[in-house]
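A.B. asks: Shown below is the structure under consideration.
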Amino acid sequence: MDYSDRHILIVEDEPKIAALLEDYLHQQGEFNTSWLARGDEVLERVRSDPPDLILLDLMLPGMDGIEVCKQVRAQSAVPIIMITARVEEIDRLLGLELGADDYICKPFSPREVVARVKAVLRRSVSTTEAGQVDGLKLDDAMHSAELDGNELQLTPVEFSLLKTLISQPGRLFSRDQLMNKMYSDYRIVSDRAVDTHIKNLRKKLSTAGAGKDLVESVYGLGYRYAG
Ligand code: CA
């Protein structure tokens, strides 16, 4: 698996630990990383530049990791690995049902962290890589898509948009990200053009019998697959 375009957001108030994690993630997986030292900046960052995974320290200035995890979960399915200082805390956190994907205890070996990051990413991909979510089936080779057995007759751009959105159900993609994902194949030159393609895609999904809006628009921010 290639991790080089995966963006890991590190939320950690101790610069030395953050730097250590960044070094390891760069060396071991060629991940892209970004770093925040405050809890109260996370939500804004997840909106403006959605990461593929968040490494989230528990004790943070501004807002603690528990509250950050709750707020992020309320709007995104991005995988979250929580980092705690004491192993006893993990039990308590599990009891809170925060929806974190994994827990790591300090002191950790950077090697362990990278292994966990890769495992969580593999898990989140393997649920969707078959191109099948709910009743939706995408055939890459044929560039065709079906919903509950009804063929969708998508244009290549619509197919590509749908494929990107369902690669990570629940993840919010900004218009820029959607444009970038497709730039190599199709030239979508403006935000407006993305909106138009999405509008057509939604119309086709609903005509094919989608009971609700599978592609959800998040006002001012972008789109996500809500299925
Ligand atoms: Ca801390």
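A.B. asks: Quick check on the range 7-124: take the gyration tensor over C-alpha atoms, sort the square-rooted eigenvalues as a ≥ b ≥ c, and tell me if it's rounded (a/c under 1.5), prolate or oblate. Don't skip to the answer; put the middle values down first.
C.D. replies: Values: a/c = 1.27, a/b = 1.12, b/c = 1.13.
Judged from the Cα gyration tensor, the range 7-124 comes out rounded (a/c under 1.5).
A.B. asks: Still on this structure, please answer the following. Give me the percent of the accessible area of the range 7-124 that comes from carbon and sulfur atoms, probe 1.4 Å, all protein chains in place.
C.D. replies: Values: 2720 of 5470 Å².
About 50 percent, which is the carbon plus sulfur part of the accessible surface.
A.B. asks: Setting aside same-chain residues fewer than 8 positions from Lys203, which aspartates and glutamates have a Cα under 17 Å from its Cα?
C.D. replies: Glu146, Asp148, Glu151, Glu158, Asp195, Asp213, Glu216
A.B. asks: Give me the distance in nm between label points sitting 7 Å out from Cα along the Cα-to-Cβ direction at Leu96 and Asp5, one decimal.
C.D. replies: In this crude spin-label approximation the distance works out to 3.5 nm.
A.B. asks: Let me ask something additional. Enter the accessible area per residue of the chain (Å², integer; probe 1.4 Å; all protein chains in place).
C.D. replies: On the way: 11510 Å² over 227 residues.
Here the residues of the chain average 51 Å² of exposed surface.
A.B. asks: Oh, and also: Just to compare against my own numbers: the Cα pair-distance distribution for the range 131-225, 10 Å bins, whole % per bin, please.
C.D. replies: 16, 55, 27, 1
A.B. asks: Sticking with this structure for a sec: As an exercise, use a Förster radius of 41 Å and the Cβ-Cβ distance of Ala226 and Asp64 to find the FRET efficiency, rounded to the nearest 0.05.
C.D. replies: On the way: r = 29 Å, r/R0 = 0.70.
Efficiency, from the Cβ-Cβ distance: 0.90.
A.B. asks: When ranked by the protection proxy of mean other Cβ atoms within 10 Å per residue, highest first, what sequence do the peptides 8-14, 194-200 form?
C.D. replies: Details: 8-14: 21.6, 194-200: 16.6.
Most protected by this proxy first, the peptides run 8-14, 194-200.
A.B. asks: For all pairs of alpha-carbon atoms in the chain, what percent lies in each bin of width 5 Å, listed from the first bin to the last filled one?
C.D. replies: Reading upward from the zero bin: 1, 6, 14, 17, 18, 15, 11, 9, 6, 3, 0.
A.B. asks: Expressed as a rounded percentage, what relative contact order does the chain have, with Cα pairs under 8 Å and six or more residues apart?
C.D. replies: Numbers: 358 pairs, mean separation 33.3, N = 227.
Relative contact order of the chain: 15 percent.
A.B. asks: If you place +1 on the Cβ of every Lys and Arg, -1 on the Cβ of every Asp and Glu, and leave all else neutral, what size is the dipole of the chain about its Cα centre, to the nearest 20 Debye?
C.D. replies: Values: 28 positive and 37 negative charges, 101 e Å.
Here the chain has a charge dipole of around 480 debye.
A.B. asks: Would you list, by chain and number, the lysines whose Cα falls below 22 Å from the Cα of Lys106, excluding same-chain residues fewer than 8 positions away?
C.D. replies: Lys106 reaches Lys16, Lys70, Lys118.
The values are calculated or read from the model by the stated rules, or taken from the named source; none is laboratory data. These numbers were taken from a predicted model, which means no experiment stands behind them. Here the Cβ is made from the backbone with ideal geometry for all residues, glycine too, and neighbour counts use every protein chain on show. Only protein heavy atoms, including side chains, enter the accessible area calculation; ligands, DNA and RNA are left aside. Shrake-Rupley method; radii C 1.70, N 1.55, O 1.52, S 1.80 Å.
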